[in-house]
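Some notes on the structure that comes next.
The values are calculated or read from the model by the stated rules, or taken from the named source; none is laboratory data. All values reported here derive from a predicted model rather than from experimental measurement. So basically every Cβ, Gly included, is an ideal-geometry build from the backbone, and we count neighbours across all protein chains shown. These accessible areas exclude ligands, DNA and RNA; they are computed on the full protein's heavy atoms, side chains included. Shrake-Rupley method; radii C 1.70, N 1.55, O 1.52, S 1.80 Å.
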Amino acid sequence: MCNYRLDWQEVAGKLALTADEVKQATAFDEQKLAGFVADGLITADDNHIEMTPEGALFVRNVAASLDKLMLRTTRTFSKPV
């Protein structure tokens, strides 16, 4: 997400995995991403996630939603303003 986009096929190719295997290794959740789409922060399809210009400030939120380590933690982390 450093370049404000994620291409599942590209990542999968670099890891010699399928896109579905990469998604399973993350905390990928279509419903959570749908919320970001509804808010106009990202565009998403089966192969891509891309930040909108309006959503660029929230890239940390989108990236964190894909991080399995963020699912079950009692620790708190900084949030964007």
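Filter segment 24-35 down to the residues that are open to solvent by 30 Å² or more (accessible area, probe 1.4 Å) and within 17 Å of Lys68 (Cα to Cα) and list them by number.
Gln24, Ala25, Thr26, Phe28, Asp29, Glu30, Gln31, Lys32
Collect the residues in segment 47-70 that are at pLDDT below 95 and open to solvent by 90 Å² or more (accessible area, probe 1.4 Å), keeping them in residue-number order.
Once the filter is applied, which keeps residues that are at pLDDT below 95 and open to solvent by 90 Å² or more (accessible area, probe 1.4 Å), segment 47-70 yields Leu57, Arg60, Lys68, Leu69.
Restricting attention to segment 1-23, and to residues there that are among the acidic types (Asp, Glu) and more than 13 Å from the chain's Cα centre (by Cα), which single residue is surrounded by the most Cβ atoms within 10 Å (Cβ to Cβ)?
Start the filter on segment 1-23 by keeping residues that are among the acidic types (Asp, Glu), which leaves 7, 10, 20-21.
So of that shortlist, the ones also more than 13 Å from the chain's Cα centre (by Cα) come out as 10, 20-21.
Values: Glu10: 14, Asp20: 12, Glu21: 12.
Top of the filtered list is Glu10.
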